[in-house]
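The values are calculated or read from the model by the stated rules, or taken from the named source; none is laboratory data. Just so you know, these numbers come straight off a predicted model, no measurement behind them. Neighbour counts are summed over all protein chains in view; Cβ atoms, including those assigned to glycine, are modelled from backbone coordinates with ideal geometry. Note: accessible area is taken over every heavy atom of the protein model, side chains too, but ligands, DNA and RNA are not part of it. Shrake-Rupley method; radii C 1.70, N 1.55, O 1.52, S 1.80 Å.
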Amino acid sequence: MTKNYYLCFLFFLALESNIVASPLDTNKLGEIDVALQKAIDQNRLPGAVVWVEHGGQIYWKAFGKRSLVPTVEVMTPDTIFDVASLTKVLAATPAIMLLVQRGKVNLDAPVSAYIPEYTGDKGKITVRQLMTHTSGFPGDVSTKSKWQGTQTAIQMAAAVNLDSTPGTTFRYSDINFFTLGEIVARVSGLPLNEFCTREIYGPLKMLDTGFLPPASKIARIAPTQMTDDGVLTEKTNGVVLRGTVHDPTARYMGGVAGDAGLFTTAPDMARFARMMLSMGELDGVRIFTPETVKLMTREQTPPGMEDRRGLGWDIDSRYSSPRGSRDGAHFPLGSYGHTGFTGCAFWIDPFSKTFFIFLSNHVHPYGGSGTVVSLYRAIGTAAAAAVADAKPDSVPAAPPGADNAPARVLEGIDVLVHENFAPLKGLRVGLITNPTGLDLQRRSTIDLLRNAPGVELKILFGPEHGLYGNFDAPVKDGVDTHTGLPVVSLYGEHHAPTPEQLKQLDALVFDIQDVGCRFYTFTTTLGMCMEAANTAGLKFFVLDRVNPINGLMMDGPVRGGPSSFVAWYPEPVRYGLTEGELATMCKAERQWDKLDLTVIKLQGWDRAMWFDQTGLPWINPSPNMRSLTEAMLYPGVGLLENCHISVGRGTGTPFEVIGAPYIDDVRLAAAMNAERLPGVRFVPIRFTPADYIFKNEPCGGVNIILTDRERCLVVDIGLAAAKILQRCYPDQFQARKMQTLLVDEPTLRAIQDDKPLSEIRALWKEKAEDFKTRREKYLLY
C-alpha cells in the first residue's frame, strides 16, 4: 500500500469516527519523527511503526527499513511484528481475565489448583501473584541447552527455587506468564492461541494477530535474529527469524506461550486499545464487563511496593518508560501499558482517551546497538504533550515541587480550584468542613474560599469533633482564630444551621471526607444541612470526595427504625455512595424542591477504587479514624461500640481490636476463626486502653487481620462477634445496645437467638436489593 493510501484511510477513519476532539498537537508529534530518525541513523533499530490516537484522531507512520538482511525492505504501516512481552497483555492477561469473569479462574486460588505439578511454596503462589510478578519466581527457566514442549517448561518451573517469598517482592518473570498461558489451556480445554483467536482476536476483527503466523503473511513480518544458537553477527551467517518467535523460551515451547510468541500489527493493537478505553466493548461486541477492565488496570501490587502493577499491566514501575519523562510531559498515574524485548511499547491513558503503539524490530539484524528504552520515553513524552492541551476534562498540574504527574483522582475542591471558583462567584457562602477539607496542595478549603475572587466566605460550620477535628465531645460555638470568622458547632446545641445563621447567606458549601458507613455522623450533618438549606431556599454545593472503602460494596441491614443522629437516612450500614451521590439521592427522595443542589464531581475516580488506589493523601477524618484499615473495619467493629466492650479506642489501633477485661482472648479468637469469615483472621491479644471504656484495665481480645478486603464482608465481623460474646459472656456483653447503630430489630433478635449468619443476612436481603435499585439512578460515576 502507498503512503497516500494510508493518509486517505486515516482521513476517512477520522470522519467515520464522528468524534469531535481537540486536535493532536502536530508540533509535539513531530518530535517523534526526529527521535526515531536519529535512532535509525545511529543503527539502534532498522525501522518502526508508530500509532498515536486521541479522540478519534490518529497519527500513524512507518519509519526506516523492515529488513536489512538478507535483503533490504522498506518498513510499511501494515508490517507484522513479533511483539515479545506484549504477549503478556494482549494474550495471557485478557485470556485469564475472561476466565475470571466467567468464574472459571479465581485470582486468589493457589496455582496448584490448576497446575498440580507446582508443589510446596510454588503451589501456594496465587494467580494474582503470577499476574503482578510477585510470585517469587526467578526471571526465566534455563535456555542454555535445547529442550522442547510446554510440559517441559512447566516441569522446569516446578523444579526451580523461588527467589523470594510469594507476595513480598516484585520480580519480573516470564515463568509467571507461561504458567498463566498453561492455566488458560487446562481450564478452557483449548491451547492459548486457539482460545485467544476464538474469544478475543476474532470478535475484535484483529485479522493479523495470532501465534504461529501462516506462510501467506511471512513477507509482511519484520524479521528478528537468533540470540542463543546460530547467533547472527556482522562476521557470521546466523539464522534470521521471520515468523518464528524470537524469545527462546517461547520458541522451545513450540511458539505458543503466555510470555511471548504473539505477532500483530499497529491497526490490530489500536482495535484492542479502543476496546479497553470503551470499558470492554468495541463496535457492539463486548469482550469484558467494565468491572473486569477496572480490575485488571488498577493497582494490584501489595501496599508499599515501589513497583506498581495491575493484573498483567504495568502502571508505575521500573519498566514504565512509555509513560513519558518524569521531568516533562507524561501520562498520569492510572494509565497503563507494557513493553516488549524486540523493541515494542504500548501505553493507554483512560483519562484523556489516548493511546500510543510503538512497534520495531530493534533486535534485527545484530541485536541492536544499545536499548530503545529512551525511545519509549521520548515517544510517550511527545504523545502526552500532544494531548496535554486537548483534554477539556484533564486534571490541573501538580503543585510546585511535587511529581509532575497529576494525581490519579481529583476531589471536588481541586476541580473547583481548577474552575477558578466559577460556580460560587458572587455568592455569600457558609462552609461546612473539618481537617479533611484540603486540596491536593494541602491548602485548606477555608483559606481557598476566603481568598477566592468574587466569593464572600461569611461563616464556618464544624461537624462532630469540631472544625479542626480535635474534640471528642460536644463542641461549643466560637471564633476561628486563624480567619476571625464565626464558627458554629453542628455537634453541640444544634445539629443543623438555624434560620438566623442562614439569613446572611446565599449558599452552603460542604467539604468533609466521609468513610462510607451509615453511623459515621458526617453524612447526617450533610443531610441536616441540606434540609436547612431547602427550608431557607439556599443553594447547596457538595465538593465531592471519594468513598474510601469503594463505591461498589454495600452491606448490612437498611435502617429499619426511626431516624437518629447515627442513623439519619434509610440506607445499609455500608452504602457504596459518595457524599455527592448520597446528597443527590436524598434531595430527590425527600422531595426538597426548593434546594438548588450542585455536586462538584470527582475526576479520575471509579467505583471499584479503594482510597489507597487514588493517589490522595490520608487525613484523619476524626481522632480515632487513623488509617484506611480502620475505615474498612469500622462498619463491622463499630456496631459493637455501645455493648460494654472496647473497640480499640484509647489504643494505637482503634477498630482493629476488640476486647474487655472479662474476655478470654484465646477462646474468642478460636471462636471467631471457626466462623470462617472470608478475607479476615483473628489473633488473640492482650491490651490496655489508655482512655475511654476500660481505661487502664488489661483486656483480652482479638486483633483483626484483613487478608482480602475484596472478599471480606466486614459487617459479619460485628455480627459474629456479637453472637459469640452473647453466647459466652451473657452477663457482661450487652447485645441489646447494638440496636442504636444497627437500627434493625429482626437482625438484633437473630443475634440474640444465635442464628447462623446466613439466616441473619436473609432478613435484610429484600430491603438491601430495594436500596440497590433505588440508588442506581443517582450514581454519578
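Over all directions, average the projected area of the Cα convex hull of region 638-776 and note it in nm².
If I average the Cα hull's projected area over directions, I get 8.5 nm².
Can you tell me the length gained on complete extension of the stretch residue 666 to residue 779, counting 0.36 nm per residue apart and subtracting the Cα distance?
Length gained between residue 666 and residue 779: 36.3 nm.
Which value results for Rg/Rh of region 156-229 when Rg is the Cα radius of gyration and Rh the Kirkwood radius based on the inverse mean 1/r?
Reported Rg/Rh, Kirkwood definition of Rh: 1.07.
At a Förster radius of 60 Å, what calculated FRET efficiency corresponds to the Cβ-Cβ distance of residue 148 and residue 737, to the nearest 0.05?
After rounding to 0.05, the efficiency reads 0.30.
Normalised by the number of residues in the chain, what is the relative contact order in percent for Cα pairs under 8 Å and 6+ residues apart? Don't skip to the answer; put the middle values down first.
Details: 1668 pairs, mean separation 74.7, N = 781.
Computed over the chain, the figure is 10 percent.
Roughly to the nearest percent, how much of the accessible area of region 335-388 is carbon and sulfur, given a 1.4 Å probe? Spell out each step's value before the answer.
Details: 760 of 1230 Å².
Carbon and sulfur atoms account for 62 percent of the accessible area of region 335-388.
Take every Cα pair under 8 Å in region 475-632 that's 6+ residues apart, average their separations, divide by the length, and report that relative contact order as a whole percent.
24
What fraction of the DSSP beta bridges in the chain is antiparallel, stated in percent and rounded to the nearest 5?
So the antiparallel bridges amount to about 70 percent of the total.
Could you give me the percent of Cα pairs per 5 Å distance bin for region 35-94, shortest bin first, beginning at zero and ending with the bin that holds the maximum distance?
Result, from short to long distances: 4, 15, 19, 21, 20, 14, 6, 1, 0 percent.
How far, in degrees from 0 to 90, does helix 628-637 lean away from the longest principal axis of the Cα atoms of the chain, to the nearest 10?
It works out to around 50 degrees.
In a shell of Cβ-Cβ distance under 12 Å around residue 275, excluding residue 275 itself, what net charge do Lys and Arg (+1) and Asp and Glu (-1) give?
Values: positive: 205, 271, 274, 286; negative: 268, 281, 283.
Taking every Cβ under 12 Å from that of residue 275, the sum is +1.
Let me spell out the model: positive unit charges on the Cβ of Lys and Arg, negative unit charges on the Cβ of Asp and Glu, origin at the Cα centre of region 628-781. What dipole size does that give, in debye rounded to 20?
220
Within 10 Å, at most 11 other Cβ atoms, and a DSSP state outside H, G, I, E, B define an exposed site. Report the longest part of the chain free of exposed GluC sites (Glu not before Pro).
The longest such stretch corresponds to 307-781.
Tell me the net charge near residue 700. Cut-off is 11 Å between Cβ atoms, residue 700 excluded, with +1 for each Lys or Arg and -1 for each Asp or Glu.
-1
Which of the trypsin sites (Lys or Arg not before Pro) found in region 654-750 are loop residues per DSSP with 11 or fewer other Cβ atoms within 10 Å of their Cβ?
676
Of 601/765; 503/539; 476/594; 695/723; 458/601; 587/772, which sit over 19 Å apart, Cα to Cα?
Checking Cα-Cα distances, 601/765; 476/594; 695/723; 458/601 exceed 19 Å.
State to the nearest 20 debye the size of the charge dipole of region 75-232 about its Cα centre, where the only charges are +1 on K and R beta carbons and -1 on D and E beta carbons.
On the way: 14 positive and 14 negative charges, 67 e Å.
With Lys and Arg at +1 and Asp and Glu at -1, about 320 debye.
Averaged per residue, what accessible surface does the chain expose to a 1.4 Å probe, in Å²?
Roughly 39 Å² per residue, with all protein chains present.
Divide the volume of the convex hull of the Cα atoms of region 569-687 by its number of residues and quote the answer in cubic angstrom per residue.
About 157 Å³ per residue, rounded to a whole number.
Select from 313, 201, 673 the residue farthest towards the positive end of the dipole of the chain; place +1 on Cβ of Lys and Arg, -1 on Cβ of Asp and Glu, and compute about the Cα centre.
201
Per residue and in cubic angstrom, what volume does the convex hull of the Cα atoms of region 261-328 have? Intermediate results must be reported in sequence, preceding the final value.
On the way: hull volume 9.2 nm³, N = 68.
Given the Cα convex hull of region 261-328, per-residue volume reads 136 Å³.
Which angle from 0 to 90°, rounded to the nearest 10, does the C-alpha axis of helix 174-188 make with the longest principal axis of the chain?
80
For region 696-741, which whole percent of the accessible surface, found with a 1.4 angstrom probe, sits on carbon and sulfur atoms?
Taking all protein chains in place, region 696-741 shows 43 percent carbon and sulfur surface.
Once you list every other residue whose beta carbon is under 13 Å from the beta carbon of residue 253, what net charge do they have if Lys and Arg are +1 and Asp and Glu are -1?
-3
So what is the calculated 222 nm ellipticity per residue for the chain, using -39500 (n - 2.57) for each DSSP H run with n of 4 or more, over all residues, to the nearest 500 deg cm²/dmol?
-8500 deg cm²/dmol
Got a number for carbon plus sulfur as a percent of region 485-609's accessible area, 1.4 Å probe?
51
Any idea what diffusion coefficient the chain gets from Stokes-Einstein, in µm²/s, Kirkwood Rh on alpha carbon pairs, 10 °C, 1.306 mPa s? Could the numbers behind the result be given before it?
On the way: Rh = 28.8 Å.
Value of D from the Cα-based Kirkwood radius: 55 µm²/s.
Ordering 292, 773 from largest to smallest accessible area (1.4 angstrom probe), what's the sequence?
I get 773, 292, largest accessible area first.
If you average 1/r over every pair of different alpha-carbon atoms in region 447-506 and take one over that average, what Kirkwood value in Å do you get? Working shown, then result.
Details: mean 1/r = 0.0815 Å⁻¹.
Its Kirkwood hydrodynamic radius stands at 12.3 Å.
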